[in-house]
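Asker: My questions will all concern the structure given below.
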Amino acid sequence: QSYVDWFAVANVQNVNDRSWMYQTCSEFGFYQTCNQNSQCPYGKGYHDVSRDLEFCQIVFGIDPDTVKKNVESTLHYYGGWSLTPNTGDDDVGPSMPSLQNGINDGQKRLLFVTGDVDPWTELAVTGSRGNDDHPTVSVRGASHHFWTHELKGTDGDAIDAARVTIYETVSDWLGVSSSSSSSSTFGEEKDGLFGSVVVDTE
């Protein structure tokens with residue numbers, strides 16, 4: 001109850017976290033659970049989605065059915081796994097009429113980089129969902145965006161290789177020469193780009 005009370009009224013201490021919690025109820029979902037009898041590597045059964053939905057109801061007055069509809073609307077708006085946003089051709093969710101002329105360009109050149117021990121990877125475009133327009137990189141042994149952190153001597157070869165992959169991919173898209181002397185993670189496949197790359201040094 002103290003957790004709910006903390007978020008019940010906005011104040012300078014909780015405003016950032018409260019805003020995010022509101023977005024989970026009104027747009028995203030993104031609930032982190034670890035259910036019994038699942039393959040979750042963390043403590044199982046302590047937190048299921050019903051607790052998050054109850055939070056939405058108590059704190060923001062958004063009932064579970066509305067949360068589900070809000071998430072479906074957001075997925076439709078941005079295109080879900082297909083990454084093809086709604087342009088107003090139907091009545092499901094909001095539309096993006098301003099993107100109609102450039103929608104094909106707008107959904108290309110999206111690089112999805114994930115760590116294979118990051119729970120958020122389940123919500124990312126990975127593996128076979130990737131393609132030439134939406135390449136994916138899986139970094140073995142890495143958690144949440146380790147490759148964006150400050151360089152450290154303990155980063156490991158896979159994280160270093162991921163940084164090279166990101167740099168070379170974006171450089172290629174921009175049509176500029178990569179000055180990196182490191183060997184490409186793509187190997188011989190670099191010229192054709194890639195649908196899915198596993199960055200590993202084993």
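Just so you know, all these numbers are worked out from the coordinates, no wet-lab data involved. None of the values given here were measured: they were computed from a predicted structure. Here the Cβ positions follow ideal geometry from the backbone for every residue, glycine too, while neighbour counts run over all protein chains shown.
Asker: If you wrap a convex hull around the C-alpha atoms of segment 35-87 and split its volume per residue, what is the figure in Å³?
Answerer: Here the figure is 112 Å³ per residue.
Asker: Spelling out what I want: for every residue of segment 162-177, take phi, set θ = phi - 60°, compute 6.51 cos²θ - 1.76 cosθ + 1.60 (Karplus), and round to whole Hz; glycine and proline get x.
Answerer: 5, 4, 5, 4, 4, 4, 5, 5, 5, 4, 4, 5, 7, x, 10, 7
Asker: Rank by packing, highest mean first: peptides 125-133, 163-171, with packing defined as the count of other Cβ atoms within 10 Å averaged across residues.
Answerer: 163-171, 125-133
Asker: Around Met21, what is the net charge, scoring Lys/Arg as +1 and Asp/Glu as -1 over all other residues with Cβ under 15 Å from its Cβ?
Answerer: Charge balance in the 15 Å sphere: -3.
Asker: Amide H neighbours of His145 under 5 Å, counting only residues 5+ apart in sequence or on other chains, H built in-plane at 1.01 Å?
Answerer: Answer set, sorted by chain and number: Gly115.
Asker: Calculated FRET efficiency, Lys44 and Trp6, Cβ-Cβ r, R0 22 Å, to nearest 0.05?
Answerer: Rounded to the nearest 0.05, the efficiency is 0.30.
Asker: Please turn the phi angles of segment 77-85 into ³J(HN,Hα) values with the Karplus equation 6.51 cos²θ - 1.76 cosθ + 1.60 (θ = phi - 60°), one per residue in order, whole Hz, x for glycine and proline.
Answerer: Rounded to whole hertz, the list is 4, 9, x, x, 5, 6, 6, 10, x.
Asker: If you don't mind, there's one more thing I want to ask. Label Asn16 and Leu123 with points 7 Å out from Cα along Cα→Cβ: what is the distance between them in nm?
Answerer: 1.8 nm
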